[in-house]
Amino acid sequence: MLKDKTVVLGVTGSIAAYKAADIASKLVQAGARVEVVMTRAATEFVTPLTFRSITARPTVTGMFDLASEFSIEHVALAEAADLVLIAPATANIIAKLAAGIADDMLCCTVLATKAPIVLAPAMNVNMYHNPVTQENLAKLRSRGFSVVGPAYGRLASGEMGLGRLAEIREILESVRQVLGKRGDLAGKRIVVTAGGTQEPIDPVRHIGNRSSGKMGYAIAQAARDRGAEVVLITAPTALSDPVGMEVVHVQTSLQMREAVVKAIAGAHVLAMAAAVADYRPVAQSRSKIKKRADTLSLKLVRTPDILAEVEGEFIKIGFAAESEKLVENATEKLHRKNLDLIAANDITAADSGFDADTNRVVLIDAQGRAERLPLLPKSEVADRILDRARGLLAAER
Ligand code: PMT
């Protein structure tokens with residue numbers, strides 16, 4: 001989605017300015033054309049040469065900078081931008097933008113652009129909490145600016161508080177979300193489940209499985225980047241919460257069922273990539289079970305089949321984790337659970353299914369047509385599934 005997009009990266013005078021080099025690098029790696037505009041104060045922290053080396057483009061530092069092709073026409077950058085990202089954004093630039101001041105190249109660009117603007121504030125905790133900064137941020141938000149962060153943590157002053165630049169991952173996810181706002185899934189509500197449910201045995205043990213959540217998170221992120229309103233219902237994983245969506249944390253299959261039933265109202269698509277436990281202990285011991293006997297029997301009971309249970313005016317997509325008879329078993333599940341589409345993954349290969357970054361799936365529709373996808377990163381599998389969901393939604397109209 002960032003490929004061939006022009007991102008104007010504004011860098012202002014904060015100690016976090018050095019992190020902007022990493023942001024520029026990641027944007028370039030994602031295929032964006034990155035035009036860096038530094039304020040004078042920013043150049044005290046990092047040199048323009050750093051950004052020039054990363055972006056292979058001249059760094060703009062002033063309105064009358066003869067080395068820059070943009071200084072001739074001071075609004076040229078504003079017109080070229082698909083998105084303006086200011087990271088880090090100091091209290092000073094936030095105040096200037098809120099007041100409409102245009103006394104440097106970055107302010108002029110923001111004032112003149114029609115592109116969406118993302119701010120990633122970074123400053124001293126007291127400056128951030130100062131009512132004037134809060135008012136300025138509220139003003140900018142009401143004018144359509146997106147604000148990511150700041151994060152809580154240790155600040156340059158040694159104090160702890162809100163004021164750290166948001167994680168670079170979060171800033172980049174916000175950029176993707178904002179760029180994707182008018183994507184092909186805009187106006188659609190998509191509920192995604194991810195991870196493996198944990199069914200408690202006692203206070204310290206549970207029945208679980210090897211799902212990492214990567215497949216479900218990839219679908220949620222891809223849907224967000226295509227403009228959808230996303231609810232991600234996730235069992236415990238080691239992954240960070242994606243930005244720009246509602247994330248509901250659950251542990252057990254019963255909690256996941258409750259969350260799905262609640263989230264599904266008004267949804268257009270339900271995609272269940274979660275590995276829901278099929279059985280749970282009949283009862284959970286209140287105290288830790290002692291290892292006295294040589295053997296221990298656990299009585300298990302079936303969990304609710306969430307996907308089979310939920311019905312409504314939405315596209316139902318399931319996954320099938322299979323170790324044999326891939327298409328046959330998945331097709332049986334598709335019919336039994338009344339699905340529109342099922343993604344059958346072969347979990348015997350190391351590069352697909354559980355925990356891998358890639359997946360090899362066969363997409364089977366309600367007519368029994370099977371599309372065998374090659375080995376792809378989970379992010380691409382997610383997009384292929386969403387392409388099919390979009391097709392099914394269009395066919396319904
Ligand atoms: O999380 P990763 O490490 O990235 O791995 C991804 C994955 C392999 C977990 C994922 O791609 C996948 O296959 N998820 C479904 C695993 C599974 O539970 O398959 P199943 O065949 O048991 O279930 C079929 C479908 O019914 C699934 O969509 C499942 O979410 C749903 N189900 C299952 C049991 C149950 N009680 N309720 C359900 O809703």
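The values are calculated or read from the model by the stated rules, or taken from the named source; none is laboratory data. These numbers were taken from a predicted model, which means no experiment stands behind them. No Cβ is skipped: glycine too gets one built from the backbone with ideal geometry, and neighbour counts run over all protein chains shown. Each accessible area value is taken on the protein alone, full model and side chains, heavy atoms only, with ligands, DNA and RNA left out. Shrake-Rupley method; radii C 1.70, N 1.55, O 1.52, S 1.80 Å.
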Worksheet item: Looking at Ile201, is it more than 16 Å from the ligand (Cβ to nearest atom) and closer than 17 Å to Leu254 by Cα?
Response: yes
Response to the item:
The correct count of residues that are under 18 Å from Arg189 (Cα atoms) and open to solvent by less than 60 Å² (accessible area, probe 1.4 Å) in the range 238-255 is 6
Response to the item:
Out of (1) buried (at least 22 other Cβ atoms within 10 Å of the Cβ); (2) at pLDDT below 95, the one Leu97 does not meet is (2)
Worksheet item: Which numbered condition trips up Met127, out of (1) more than 17 Å from Ser14 (Cα to Cα); (2) open to solvent by 20 Å² or more (accessible area, probe 1.4 Å)?
Response: (1)
Item to complete: Restricting attention to the range 358-388, report how many residues are more than 12 Å from the ligand (Cβ to nearest atom), among the small types (Gly, Ala, Ser) and crowded, with 16+ Cβ neighbours inside 10 Å.
Response: 0
Practice prompt. Return the only residue of Ala238, Ala223, Ala277, Ala267 being touching a strand residue (DSSP E or B) at 6+ places or on another chain (Cβ under 7 Å), closer than 21 Å to Lys378 by Cβ and not polar (S, T, N, Q).
Written response: Ala223
Worksheet item: Any chance the range 143-160 includes a residue that's under 20 Å from Val247 (Cβ atoms), open to solvent by 60 Å² or more (accessible area, probe 1.4 Å) and not assigned by TED's automatic domain parsing to the domain that holds Arg286?
Response: yes
Discussion item. What's the total number of residues in the range 286-312 that are in a loop (DSSP other than H, G, I, E, B), within 16 Å of the ligand (Cβ to nearest atom) and either at pLDDT below 90 or open to solvent by 100 Å² or more (accessible area, probe 1.4 Å) (or both)?
Written reply: 1
Item to complete: Quick one: count up the residues across the range 14-51 that are in a helix (DSSP H, G or I), without any contact (Cβ under 8 Å) to a residue 12 or more places away in the chain and over 23 Å from the mean Cα position of the chain (by Cα).
Response: 1
Worksheet item: Quick one: in the range 266-284, which of the residues that are open to solvent by 70 Å² or more (accessible area, probe 1.4 Å) and more than 15 Å from the ligand (Cβ to nearest atom) is nearest to the chain's Cα centre (by Cα)?
Response: Gln284
Worksheet item: Any residue at all in the range 2-13 that is aliphatic (A, V, I, L, M), modelled with pLDDT under 95 and in a loop (DSSP other than H, G, I, E, B)?
Response: yes
Fill in: Any pair with Cβ under 8 angstrom, 6 or more apart, that starts in the range 314-327 at a residue that is over 12 Å from Asp346 (Cβ atoms) and aliphatic (A, V, I, L, M) and ends at one that is in a loop (DSSP other than H, G, I, E, B) and open to solvent by less than 20 Å² (accessible area, probe 1.4 Å)
Ile317/Leu339
Practice prompt. Among the candidates Ile385, Ile364, single out the residue that is assigned by TED's automatic domain parsing to the domain that holds Ser212 and assigned to a helix (DSSP H, G or I).
Written response: Ile385
Discussion item. When you check Gly213 against the structure, is it over 21 Å from Ala81 (Cβ atoms), open to solvent by 10 Å² or more (accessible area, probe 1.4 Å) and not hydroxyl-bearing (Ser, Thr, Tyr), yes or no?
Written reply: no
Fill in: Selected residue [more than 9 Å from the ligand (Cβ to nearest atom), crowded, with 24+ Cβ neighbours inside 10 Å, among the β-branched types (Val, Ile, Thr) and farther than 30 Å from Arg286 by Cβ] from Ile219, Ile233
Ile219
